[in-house]
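Working notes, structure below.
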Amino acid sequence: MNYLSINDIDVLSNWVKEAISLKKQPKKFKELGKDKTIGLLFFNNSLRTRLSTQKAAMNLGMEVIVMNFGSEGWALEYADGTVMDQGTSEHIKEAAHVISQYCDIIAIRAFAGLVDKELDEAEQVLSGFKEYASVPIVNMESSVGHPLQALTDAITLEEHNFKNNPKVVLSWAPHPKALPHAVANSFVQMMQKQNAEFVITHPKGYELDPSITKDCTIEHDQEKALENADFVYVKNWSSYTNYGQIKSQDTNWQMTLKKLGKAKFMHCLPVRRNVVVADEVLDSDQSLVIEQANNRTYAAQLVLKKILESNEN
Ligand code: CP
């Protein structure tokens with residue numbers, strides 16, 4: 001079993017229930033991962049994913065190896081038949097096989113480059129490891145998805161009385177840097193599995209991949225979208241159509257308490273205060289961001305538990 005995208009979840013409500021039960025007894029399965037090793041390979045920076053996945057593995061009794069592959073590993077080649085006389089030093093075929101001898105699970109973070117859409121959508125790092133590793137692979141945020149974050153968000157929603165067809169709004173926010181679409185994509189895919197009124201709001205030109213947002217309600221008037229919202233998930237992403245470009249930094253899209261109304265505020269973190277969201281929101285009781293970060297551990301722990309169990313059978 002791999003955990004590469006939200007589509008690897010069979011019944012989301014069952015996964016959420018099981019994660020909440022793990023949260024109550026995090027050490028209950030501490031024998032499950034005994035004598036097993038997870039390798040966490042980071043091609044990009046992280047705080048939450050790195051520490052929560054490590055904590056999750058330790059709660060299951062696993063050994064953890066962490067490698068900042070982006071800065072410490074050899075530059076990998078992914079193409080078949082390349083004459084490797086340029087910048088790349090090691091082929092994914094060898095690297096994935098070698099790491100599979102050291103680790104029982106390999107977890108990978110490799111962001112979108114935001115230059116070449118086709119290359120990013122091919123998910124060459126994740127796909128390369130999937131093809132050539134002989135152990136299960138976990139996506140710790142790839143070019144197009146962040147399924148550990150989306151599972152976390154489903155857990156957090158459930159813990160806040162996510163019942164009776166609530167209204168959930170995913171709102172774009174300004175940001176000085178071009179950011180990937182992965183968090184927004186996985187959140188949309190997770191919400192498509194929920195019984196909720198779901199609205200996406202963003203300025204024109206910030207449409208996400210239409211193959212992901214198909215059938216979603218999209219409202220370009222943020223104020224209208226936010227009317228009577230129960231949960232507001234705020235996230236920046238760069239343009240998908242004009243791939244990787246910043247089309248707007250309109251500060252009017254920043255989330256404020258006035259706009260939030262009575263809704264709960266969600267964000268995956270890290271977040272730029274007073275650019276994406278005002279201090280008054282993050283410092284209010286309506287903010288769920290610290291709880292979301294805590295739930296990263298139990299989302300990761302559930303995924304690792306399921307992988308370990310599937311390999312026992
Ligand atoms: N939300 C999230 O993935 O945080 P990090 O980038 O710090 O891991």
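Bear in mind that the values in this text are calculations on the coordinates, not laboratory data. Treat the numbers as computed from the prediction; the structure is a model and nothing was measured. Virtual Cβ from ideal backbone geometry, glycine too; neighbours counted across all protein chains shown.
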Out of ALA110, ALA196, ALA56, any idea which swings most in a Gaussian network model of the chain, alpha carbons joined below 10 Å?
-> ALA196
Highest average packing first - 254-260, 145-151, Cβ atoms within 10 Å = 145-151, 254-260
Amide H contacts under 5 Å for LYS264, placed H, 5+ residues apart = PHE231, VAL232
Please list the non-local residues whose amide H lies under 5 Å from the amide H of ALA173, H modeled 1.01 Å from N, same-chain partners needing a gap of 5 or more.
-> LYS235, ASN236, TRP237
So how much slack lies between GLU159 and GLU309, counting 0.36 nm per residue of separation and subtracting their Cα-Cα distance, in nm?
-> 51.4 nm
Quick one: among ALA112, ALA184, ALA95, which has the greatest mean-square fluctuation in a GNM of the chain with alpha-carbon springs under 10 angstrom?
-> ALA95
Residue-wise, which Karplus ³J(HN,Hα) couplings in Hz belong to the stretch 275-288, taking 6.51 cos²θ - 1.76 cosθ + 1.60, θ = phi - 60°, and x for glycine or proline?
-> 10, 7, 8, 6, 3, 4, 7, 4, 8, 8, 5, 7, 7, 9
How much FRET efficiency would the formula 1/(1 + (r/R0)^6) give for ALA122 and GLU227, where r is the Cβ-Cβ distance and R0 is 51 Å, rounded to 0.05?
-> 0.80
Each label point is 7 Å from the Cα along the Cα-to-Cβ direction; what then is the distance between the points at LYS30 and ASN44, in nm?
-> 3.5 nm
Residue (of HIS160, ILE105, GLY70) at the positive-pole extreme of the chain, dipole from beta-carbon charges | HIS160
With respect to the cross-link table entries LYS30/LYS235; LYS55/LYS130; LYS130/LYS264; LYS167/LYS247; LYS177/LYS305; LYS36/LYS264, which display a Cα-Cα separation exceeding 30 Å?
-> LYS30/LYS235; LYS130/LYS264; LYS177/LYS305; LYS36/LYS264
Taking a ≥ b ≥ c as the square roots of the eigenvalues of the Cα gyration tensor of the stretch 147-292, is the shape rounded (a/c under 1.5), prolate (a/b larger than b/c) or oblate?
-> rounded
Nearest 0.05, what FRET efficiency do ASN7 and GLU291 give at R0 = 30 Å with Cβ-Cβ as r?
-> 0.70
Unit charges on C-beta of K, R, D, E only; dipole of the stretch 1-133, Debye | 1240 debye
Tell me, what HN-Hα J-couplings in whole Hz come from the Karplus equation 6.51 cos²θ - 1.76 cosθ + 1.60 at θ = phi - 60° for each residue of the stretch 237-244, using x for Gly and Pro?
-> 8, 7, 5, 8, 5, 8, 3, x
Distance between modelled label sites at ALA178 and ASP85, nm, 7 Å Cα→Cβ extension | 3.2 nm
Whole-Hz Karplus ³J(HN,Hα) for the stretch 202-219, in order, using 6.51 cos²θ - 1.76 cosθ + 1.60 and θ = phi - 60°, x for Gly and Pro?
-> 7, x, 4, x, 10, 4, 6, 3, x, 6, 8, 8, 3, 6, 8, 7, 10, 10
Once Lys and Arg get +1 and Asp and Glu get -1 on their Cβ, which of HIS220, ILE200, TYR243 lies farthest toward the positive end of the dipole of the stretch 147-292?
-> TYR243
For the stretch 69-214, calculate the relative contact order in percent as a whole number, restricting contacts to Cα pairs under 8 Å that are 6 or more residues apart.
-> 19 percent
Given Cβ charges of +1 for Lys and Arg and -1 for Asp and Glu, the option among ALA278, MET190, HIS175 whose Cα lies farthest towards the positive end of the dipole of the chain is ALA278
Quick one: dipole size for the chain, taken about the Cα centre, charges +1 on Lys/Arg Cβ and -1 on Asp/Glu Cβ, in debye to the nearest 20.
-> 1080 debye
Magnitude of the Cβ-charge dipole of the stretch 147-292, K/R +1 and D/E -1, about the Cα centre, nearest 20 debye?
-> 280 debye
